[in-house]
């Protein structure tokens, strides 16, 4: 990191945070102004805010690494999202706008009862409180690896900055900063993609890079075969992904709050549809960066693991360091051979000569087999030397490229992208946690509290949830893969929540008691299934939702406890 | 013109089909790429 990088990084972050705070300095006068920005957001502001809330630093750090290791099949996870946007625009937006609610859970009290609303709010608070911590951990990982700082210090620094502007300006500050953050994110994506192609050897262009990646199975975008245990295929994306998106955008306050802030139903709908149009191409672009990274490292020496702290740990161990040095020497030799084989393959593709392509592929397969053998030895060494350390290195791939290969100035810009995205996403979650705490828990308990009092409690709730998120982030280092961890956590809670809202929207004869009991039983069942089986996590969205709807219907039939709904 | 009247002027069905059509086109393109490099 040069002085220029520090200036770009610091300047970008301070400008975004400073401008957001300044623009929204008068936000705390009313609860509506503080939590929903006075319901004045335009469709494009809502759309950008929705994108920024979903796209955290994890998106930037973890997704390219996932494509690097596993190819582009993760894209299928997002296939259900545009469908969900349409369904939410049709069914949920009119209801929320008509009732002028602050939170999605507020609607449940009118439809069922106070107890069901509190249950839904509680489930949201647990799930979002935990995943917000994960969102904070990702950028802290970057800074700690970069600067050698203690990760706790880094988590506190980033979390503290985010808490400060969210407390100061509320929902409007979150939205204003998110608009700039999305601008920086898209700029960073384009720059990184361009440079990755630019850095390929002479004579190897984008087309050859795609052929090399395709030959290694990295362009596995769509798989129509059905496998219940497969996390990413067309069917899991169109069903589990759809249900996850329905739950996330339809019942998770961190997203519902974004479009509740719209100045009309029209603006909210258009904001959601904008997200439906942009999300899949955006994820495709981020995954493509991962594939280009893979090709880049076929021509440039890749380390035994991108997880630098793990490498340093093994290198410092007297018992394992000699073996590491031996493997690193073999890796250096193999890198030269791999580069040679890949270059031959790329030139063969460019020549369109089938015989030449077949010969180059055979050569390449030989070096691949050697690389796999070396990786097996390296993984065994890492496991022996550091049994508790994170074995996967996918979260480090992109950032390692940024730090080692980008020119000065752009390193600062890409780090600003990662950090501002992290803060934007976590701030959206934090703001929603505070809203739910105040609107769904505090206000019903203290109905005589005025607006100023509620704003004050919202500010303190923001601080409280922020500090709790920081605490959880400090434990996140033990988790396997950040983006998967966030999605798994979401899928465990979202299914039941979506089922509850489905019952509320579409089954008017089911009352509060049946809905409440069904949600409790379904949530417990999902957690039990996650613990006891190896079902792909996306399916829990459908299972949880189906259980709530089925059980609520059954309970209502067996025990005629309540008459039809109040709404 | 009120907000409600403004909303009435939008052909929402066309918007929904635009989003779903874009998704179908993207999946078709991805399937093409997958087969091309398989």
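Every number here is computed from the coordinates shown, using simple stated rules; none is lab data. Because the structure is predicted, anything quoted here is derived from the model rather than measured. Here the Cβ positions follow ideal geometry from the backbone for every residue, glycine too, while neighbour counts run over all protein chains shown.
Which order do the peptides A:347-358, A:153-164 take when ranked by the mean count of other beta-carbon atoms within 10 Å per residue, highest first?
On the way: A:347-358: 14.5, A:153-164: 20.6.
Descending packing order for the listed peptides: A:153-164, A:347-358.
Partner chain Cβ atoms within 10 Å, averaged over the residues of A:280-290 - can you pull that number for me? Could the numbers behind the result be given before it?
Details: counts 5, 2, 0, 0, 4, 0, 0, 0, 0, 0, 0.
Taking all residues of A:280-290 together, the mean is 1.
According to the square roots a ≥ b ≥ c of the eigenvalues of the Cα gyration tensor, what is the shape class of region A:117-186, taking rounded for a/c under 1.5, prolate for a/b larger than b/c otherwise, and oblate for the remainder? Walk me through the numbers on the way to the answer.
Details: a/c = 2.06, a/b = 1.29, b/c = 1.60.
Judged from the Cα gyration tensor, region A:117-186 comes out oblate (a/c at least 1.5, b/c at or above a/b).
Just check region A:163-254 against the gyration tensor rule for me: Cα atoms, a ≥ b ≥ c as the square roots of the eigenvalues, rounded for a/c under 1.5, and otherwise prolate or oblate depending on whether a/b exceeds b/c. List each step's numbers first, then the result.
Numbers: a/c = 4.46, a/b = 1.25, b/c = 3.56.
Taking the square roots of the gyration eigenvalues as a ≥ b ≥ c, region A:163-254 is oblate.
Among A:128, A:557, which comes first, second and so on when ranked by fewest other beta-carbon atoms within 10 Å?
Details: A:128 25, A:557 11.
With the fewest neighbours first, A:128, A:557 line up as A:557, A:128.
Please list, by residue number, everything in region A:5-42 whose backbone N is under 18 Å from a paramagnetic label point 7 Å out along Cα→Cβ of residue A:451.
Residues passing the 18 Å test: A:24-41.
Can you grab the distance from the C-alpha centre of region A:309-331 to the C-alpha centre of region A:164-209, Å, no decimals?
35 Å
Could you give the angle, 0 to 90 degrees to the nearest 10, between helix A:3-23's Cα long axis and the longest principal axis of the Cα atoms of chain A?
10 degrees
Within 10 Å of each Cβ in peptide A:267-279, how many partner chain Cβ atoms are there on average? Round it to a whole number, please. Display every interim value, and only then the final one.
Details: counts 3, 0, 5, 3, 0, 1, 5, 1, 1, 7, 6, 1, 1.
Mean shielding count: 3.
Mind ordering A:498-510, A:316-328, A:401-413 by average Cβ neighbours within 10 Å, highest first?
Values: A:498-510: 21.4, A:316-328: 13.5, A:401-413: 17.7.
Result, highest mean Cβ count within 10 Å first: A:498-510, A:401-413, A:316-328.
Enter the angle in degrees (range 0 to 90, nearest 10) between the Cα long axis of helix A:206-215 and the first principal axis of the Cα atoms of chain A, meaning the one along which they spread out most.
Long axis of A:206-215 versus the principal axis of chain A: about 90 degrees.
Roughly how tilted is helix A:321-351, in degrees to the nearest 10 and between 0 and 90, from the longest Cα axis of chain A?
That works out to roughly 90 degrees.
Working out 0.36 nm times the residue gap between residue A:460 and residue A:553, then minus their Cα-Cα distance, what length gain in nm do you get to one decimal? Spell out each step's value before the answer.
Numbers: separation 93, 0.36 × 93 = 33.48 nm, distance 4.00 nm.
Net length gain for the segment: 29.5 nm.
Express in whole angstrom the spacing between the alpha-carbon centres of region A:229-304 and region A:52-101.
The two parts, judged by their Cα centres, are 4 Å apart.
Please say if region A:1-99 is rounded, prolate or oblate, where rounded means a/c under 1.5 for a ≥ b ≥ c the square roots of the C-alpha gyration tensor eigenvalues, and otherwise the choice is prolate for a/b larger than b/c and oblate otherwise? Don't skip to the answer; put the middle values down first.
Values: a/c = 3.73, a/b = 1.07, b/c = 3.50.
Judged from the Cα gyration tensor, region A:1-99 comes out oblate (a/c at least 1.5, b/c at or above a/b).
Over all residues in B:10-21, what is the mean tally of Cβ atoms on other chains that come within 10 Å of each residue's Cβ? Let's see the in-between values first.
Numbers: counts 3, 0, 7, 1, 0, 7, 10, 1, 5, 12, 5, 1.
Neighbouring Cβ atoms belonging to other protein chains average 4 per residue here.
Under the definition of Cα pairs under 8 Å and six or more residues apart, what whole-number percent is the relative contact order of chain A?
On the way: 948 pairs, mean separation 176.6, N = 567.
Here the relative contact order equals 31 percent.
So for A:251, B:34, A:388, fewest C-beta neighbours within 10 Å to most, what's the order? Don't skip to the answer; put the middle values down first.
Working: A:251 27, B:34 19, A:388 7.
If I rank by nearby Cβ atoms, fewest first, I get A:388, B:34, A:251.
Under 20 Å from a label point 7 Å along Cα→Cβ of residue A:198: give me every residue in region A:1-23 with its amide N that close.
A:1-9
Cut-off 16 Å, label point 7 angstrom out along Cα-to-Cβ of residue A:404: give me the residues of region A:305-339 whose amide nitrogen falls inside.
The answer is A:305-313, A:315, A:325, A:327-339, whose backbone nitrogens lie closer than 16 Å to the label point.
Mind giving me the FRET efficiency for residue A:161 and residue A:316? R0 is 25 Å, r the Cβ-Cβ distance, nearest 0.05 is fine.
Details: r = 32 Å, r/R0 = 1.30.
The pair residue A:161/residue A:316 has a calculated efficiency of 0.15.
Under 8 Å for C-alpha pairs, at least 6 residues apart: give me the relative contact order for region A:326-465, rounded to a whole percent. Write out the running numbers ahead of the final one.
On the way: 54 pairs, mean separation 23.0, N = 140.
Relative contact order comes out at 16 percent.
How high is the FRET efficiency from residue A:532 to residue A:224, r the C-beta distance, R0 25 Å, rounded to 0.05?
Details: r = 30 Å, r/R0 = 1.19.
So the FRET efficiency works out to roughly 0.25.
How much length is gained if the chain between residue A:351 and residue A:44 is pulled fully straight, taking 0.36 nm per residue apart and subtracting their Cα-Cα distance, in nm to one decimal? Intermediate values should be presented prior to the final figure.
Details: separation 307, 0.36 × 307 = 110.52 nm, distance 4.64 nm.
Computed gain between residue A:351 and residue A:44 is 105.9 nm.
Where does each of A:427-434, A:302-309 land if you order them by average Cβ count within 10 Å, highest first? It would help to have the intermediate numbers written out before the result.
Working: A:427-434: 29.4, A:302-309: 20.2.
Order by mean packing, descending: A:427-434, A:302-309.
How high is the FRET efficiency from residue A:206 to residue A:186, r the C-beta distance, R0 30 Å, rounded to 0.05? It would help to have the intermediate numbers written out before the result.
Numbers: r = 19 Å, r/R0 = 0.65.
Efficiency for this residue pair is about 0.95.
Could you list A:282, A:497 in order of exposure, starting from the residue whose Cβ has the fewest other Cβ atoms within 10 Å? Show your work: numbers first, answer last.
On the way: A:282 20, A:497 30.
By the 10 Å Cβ count, ascending, the order reads A:282, A:497.
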